[in-house]
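The values are calculated or read from the model by the stated rules, or taken from the named source; none is laboratory data. Here the structure is a predicted model, which means the values were calculated and not measured. Cβ sites come from the backbone with ideal geometry, for glycine too, and all protein chains shown count toward neighbours.
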C-alpha cells in the first residue's frame, strides 16, 4: 500500500504545506439541471481562489450519488509547485476498506491503514457507500487543446491517524504554469469484483494505461504522431468521449455507471462549438498536406461517436438527455451534408470525412464514417422526432449502395476510402467498418426496411476476409 520510505518522506513533507479548499461542494456557483428518465441531476459550477491556487469545480448532484470534476491551477503571478487537497474525509477505525490496482496490475482490497497510495484510481468503501477517486494528475497546456502529462507531478491518497479514526486526503500537486485535474465519485456501495462489471476497474484500465486521460475539459487521447503540437506525453481533447461509452455499456450492471456516463457526456457536450459540432483543436499534418485543413477541424466520425453515445445513454435510461446538443448537431450536419456532398449515379450522397479552416480541396469519404453517419441520422430522427432527417439518411445509404462494387477488393477486403475524384484506395480497419455495416443493416431491419443485396454483399465479403485471418466477427 505504501511506496518506498524516501517517497513516503517526500509525500509527508508535501502534506505539511497543502492548501485546503473548503467543502467539496461549494455553496455558491452557477447551477443548471438535466434528467435522463428517472435520473435527475443538478449541476453546480464554480471557480474560486485559495491562496496561490485557483480551483474550478463542476459538481453533478444526483439523488443518491455525486460526481465531482475538479481542476486546480496557479493564480496569475503565483509560484509553484503547490499542493491542493482535492478531498478529505474522516472515517472510523473499523469497516473502512481501500481498493486499488497494485504494482502487478491486480486489484488489492485491504483495510484502511496509515500510508500513501499513488496509482491511477482508488476506491474507499465505508459507511455503506463507495468513493471512487481518479487521483489528481498535472498537465501543461501546450496549445491547440493539447496537454502534456507531467508524470512527475502525480497526486496521491494519504491516510493518517486522527484520534480514534483515520483521515483520508486526496492531494494534487500543481507545478507553476500547469493545472492539476481529478475526478471523484461518491455513491452507494458497490462490490469490488475487480472484473469487467466494475466501473472503477474499467475507468482505470481506459484512463490510466497511457492511451487516454480524463481532464476537467473532457476526454483526451494520446496525440498521434502526425498531429501538432506533438510533445512527449501529449494528449489532445478528442470529440469522441469513449469513456462515456464504456460507462454507458455498464448501465444496469454497475450501480455507478449511469452517473459516470451522464457526467462525462455532459462535460464533453460543453465543448460544442457555436456552429454545432465538436472541433479537433490539434493540427493534423496529413489533413493539412492533403487538403489544406488547419487545426479546429470537423471530424465526422468522432462527432458521430459522441452523438451515438448520448443516444445510447438515453436508450438505456429513457428521457431526453442532451437533446438540445443533439438537435444543434443535427442542424449542423444537415447543412454540411447539403453543402459538401458528392452525388453518385443514382442520386446517393457521399459525405467528406473532414472539413476545416484553410481547406483547399474536398476530403475523401471512408466507408466506416459514411455508414456510422447514416446510422446516426436514422437514430437522431427517432430521438428528435424529426422525420425530416430520414431522407438525408436515405441519401447516405444510397451512396453506399450505389458504390458497393467499388469498395470490394480482390482479396475480399474493402477499400478504406474513396476520393473526391472517385478513386477507391487505402487499407481498411480489421473490423470497425464491418461492425458499422452490420449495425446499419440491423437498424434497417428493425425499421422494417427490406434487405438489400448490395449491403449484404459488402458485409459478406468483409466477413470472408476476416475469417480467413481468424478475426472474430459479431
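For residue 263, which of the numbered conditions (1) within 22 Å of residue 369 (Cβ to Cβ); (2) out of contact with any helix residue (DSSP H, G or I) (no Cβ under 6 Å at 6 or more places or on another chain); (3) buried (at least 24 other Cβ atoms within 10 Å of the Cβ) fails to hold?
Here residue 263 meets the rest and fails (1).
Taking residue 328, is it surrounded by fewer than 22 Cβ atoms within 10 Å (Cβ to Cβ), under 29 Å from residue 295 (Cα atoms) and out of contact with any strand residue (DSSP E or B) (no Cβ under 8 Å at 6 or more places or on another chain)? Spell out the reasoning first.
Values: surrounded by fewer than 22 Cβ atoms within 10 Å (Cβ to Cβ): yes; under 29 Å from residue 295 (Cα atoms): yes; out of contact with any strand residue (DSSP E or B) (no Cβ under 8 Å at 6 or more places or on another chain): yes.
Yes: the conditions hold for residue 328.
Identify the single condition in (1) touching a residue at least 60 places away in the same chain (Cβ under 8 Å); (2) out of contact with any helix residue (DSSP H, G or I) (no Cβ under 7 Å at 6 or more places or on another chain); (3) surrounded by fewer than 20 Cβ atoms within 10 Å (Cβ to Cβ); (4) under 30 Å from residue 230 (Cα atoms) that residue 291 does not satisfy, given that it satisfies every other one.
In the conditions (1) touching a residue at least 60 places away in the same chain (Cβ under 8 Å); (2) out of contact with any helix residue (DSSP H, G or I) (no Cβ under 7 Å at 6 or more places or on another chain); (3) surrounded by fewer than 20 Cβ atoms within 10 Å (Cβ to Cβ); (4) under 30 Å from residue 230 (Cα atoms), residue 291 misses (3) alone.
Can you find a residue in segment 134-155 that is in contact with a strand residue (DSSP E or B) (Cβ under 7 Å, 6 or more places away or on another chain), assigned by TED's automatic domain parsing to the domain that holds residue 54, farther than 25 Å from residue 259 by Cα and part of a loop (DSSP other than H, G, I, E, B)?
First, pick out the residues of segment 134-155 that are in contact with a strand residue (DSSP E or B) (Cβ under 7 Å, 6 or more places away or on another chain): 134-142, 144-150, 153-155.
Restricting the remaining residues to those that are assigned by TED's automatic domain parsing to the domain that holds residue 54 gives 134-142, 144-150, 153-155.
Checking the rest, the ones that are also farther than 25 Å from residue 259 by Cα come to 139-142, 144-150, 153-154.
With part of a loop (DSSP other than H, G, I, E, B) added as a condition, the list becomes 144-145.
Within segment 134-155 (the criterion being in contact with a strand residue (DSSP E or B) (Cβ under 7 Å, 6 or more places away or on another chain), assigned by TED's automatic domain parsing to the domain that holds residue 54, farther than 25 Å from residue 259 by Cα and part of a loop (DSSP other than H, G, I, E, B)), the answer is yes, since at least one residue qualifies.
Do you know which residues across segment 201-246 are within 10 Å of the chain's Cα centre (by Cα) and in a helix (DSSP H, G or I)?
206, 207, 242, 243, 244, 245, 246 - these are the residues of segment 201-246 that are within 10 Å of the chain's Cα centre (by Cα) and in a helix (DSSP H, G or I).
Which residues, counting only those in segment 193-216, are within 16 Å of residue 98 (Cα to Cα) and surrounded by 20 or more Cβ atoms within 10 Å (Cβ to Cβ)? Can you show your working first?
Restricting attention to segment 193-216, the residues satisfying the condition of being within 16 Å of residue 98 (Cα to Cα) are 193-194, 198-201, 204.
If the condition is that a residue be within 16 Å of residue 98 (Cα to Cα) and surrounded by 20 or more Cβ atoms within 10 Å (Cβ to Cβ), then 198, 199, 200, 201, 204 are the ones that fit.
Residues to consider are 428, 385, 446, 435; find the one that is at pLDDT 95 or above, exposed (fewer than 13 other Cβ atoms within 10 Å of the Cβ) and within 28 Å of the chain's Cα centre (by Cα).
Details: 428 fails: exposed (fewer than 13 other Cβ atoms within 10 Å of the Cβ); 446 fails: within 28 Å of the chain's Cα centre (by Cα); 435 fails: exposed (fewer than 13 other Cβ atoms within 10 Å of the Cβ).
Just a single option satisfies the conditions, and that option is 385.
Looking at segment 393-404, is at least one residue loosely packed, with under 15 Cβ neighbours inside 10 Å, free of Cβ contacts under 8 Å to residues at least 24 places away in the same chain and out of contact with any helix residue (DSSP H, G or I) (no Cβ under 7 Å at 6 or more places or on another chain)?
No: zero hits.
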